[in-house]
Amino acid sequence: MKQPIVLLLLLCGFISIGQNLVLNPSFEDHRTKHCISILGGFNIHITNWSIPNYGSTDFFDTCEEIMGGRNYNGVQEAKAGTTYAGMYLFTDKNYREYVQGELSKTLIKGKKYKMTFYLSLADKSSYALKDIQVLITEEKLKPCHHSNACDKAIKPSKATEGKFKMYSNPDNIYFSNKESWMAYTFEFTAEGYENYFSIGNFYRNAKTKKEDVLSNSPFLFSYYYIDDVSIEPLKKEEEENIKKETLKTVEEPTIKTNEIYTFKNVLFDFDKADLLVVSKEELNQLYKHLEANLTLNVEIYGHTDTIGLETQNQELSEQRAKAVSDYLIEKGLDVTRITSFGFGSTEPISTNDTEEGRQLNRRVAFKLIEIR
């Protein structure tokens, strides 16, 4: 009788989530009612949004010809709709800019929610940041409340007398992509007071973790575009699914051992081959499966999109596949049971004409092979 095979559910669909509770999530509703970009005008013109300090966050509309997609810090298209915001999250003078959003209703105590927004680093920025936080609050923050540093990094305890909680970057990555948008996402359990949230860098320069991305720049700053903000409740059955292991027992005829599977969470920073923390849980599950099935070997395949030189893409795909292979070997997998390959941009699974397609093409996959 054939033994059941335990296999990772790497091809399962994305978790569907509920209604977005963020009012005006992509900044499309603005009081100008015209196709216009306004430097420092975010606080005045964007409905349901404000600035929690005396910074001068910018507002860009890509349908505006002079300063829309192309602006004073670079070029970017909106993630959703035609509008997005721009803000300084780091400068050599400790100057800070933020955005403060409003929820359509108070969050329910004990219920789980998922927050997501998208960031893109401006072309002229000299640093990429890891320290970008979300401050979720009971009351709307008041600029300069109990503080004289009205355009500096906000200290939550001095900015509000109500309840608050700070959430930091859960994936421990630098947001360094200047060409496209990177998702910032995390899940949290509400405490029942949450009405507002502010996004930005709440650390002073000495504490801020940064990465040099433009070493020849005479300016020392990090300027980010932000768009498409959401806070959505997770359904009860989805909360239960999150708690479950990502392994399932199936009969051998159902899933063939020579089928190629794409990792869902094996991710890398732009143009780098260092494994991110979020990738290791999925690789740990694969390692456990291989150790439980000693008659299986594994092949790892690295792929890229078409951005960059072909030789560089080939090398990058090999490095990423090797990073996955090396991690499994470090866990204890016999080196004779694993092989890695890089295919560069030669085997796309989607178009390279859109960012969504390029994201699908930037992947690492694997195939299990039964030893005869």
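The values are calculated or read from the model by the stated rules, or taken from the named source; none is laboratory data. Model, not experiment: these values are computed from the prediction. Quick reminder, even Gly has a Cβ in these numbers, built from the backbone with ideal geometry, and neighbours come from all protein chains shown. Surface accessibility is based on the protein's heavy atoms, side chains included, excluding ligands, DNA and RNA. Shrake-Rupley method; radii C 1.70, N 1.55, O 1.52, S 1.80 Å.
Calculated FRET efficiency, S215 and T311, Cβ-Cβ r, R0 25 Å, to nearest 0.05?
Details: r = 24 Å, r/R0 = 0.95.
Plugging the Cβ-Cβ distance into 1/(1 + (r/R0)^6) gives 0.55.
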- Find how much the distance from E232 to I108 grows on full extension, using 0.36 nm per residue of separation minus their present alpha carbon separation; answer in nm with one decimal. 43.5 nm
- Message: Taking 0.36 nm per residue of sequence separation and subtracting the Cα-Cα distance, how much length would be gained by fully extending the chain between K93 and K207, in nm to one decimal?
- Response: 39.7 nm
- Message: Students sometimes get this wrong: rank Y95, Y301 by accessible area, probe 1.4 Å, all chains present, largest first.
- Response: Y95, Y301
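What FRET efficiency do you get for T262 and S56 if R0 is 41 Å and r is their Cβ-Cβ distance, rounded to the nearest 0.05? Don't skip to the answer; put the middle values down first.
Values: r = 43 Å, r/R0 = 1.05.
FRET efficiency, T262 to S56: 0.45.
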- Query: Extension gain K331-Y193, at 0.36 nm per residue separation less the Cα-Cα distance, in nm?
  - Reply: 45.4 nm
- Message: Among the listed pairs K163/K272; K130/K331; K105/K209; K112/K331; K264/K331; K152/K178, which have their C-alpha atoms separated by more than 30 angstrom in this model?
- Response: K163/K272; K105/K209; K112/K331
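At a 1.4 Å probe radius, carbon and sulfur cover how many percent of the accessible area of segment 129-219? Walk me through the numbers before you get to the answer.
Values: 2070 of 4380 Å².
Ligands and nucleic acids excluded, carbon and sulfur give 47 percent.
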- Message: Give the separation of the Cα centroids, segment 336-372 to segment 88-122, in Å.
- Response: 34 Å
- Accessible area expressed per residue, segment 49-205, with surrounding protein chains retained (probe 1.4 Å, Å²): 39 Å²
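For a Förster distance of 56 Å, can you work out the FRET efficiency between the beta-carbons of L39 and F341, rounded to the nearest 0.05? Can you show the working numbers first?
Working: r = 49 Å, r/R0 = 0.87.
So the FRET efficiency works out to roughly 0.70.
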- Along the principal axes of its C-alpha atoms, what lengths does segment 94-181 span, in descending order and rounded to whole Å? 37, 37, 22
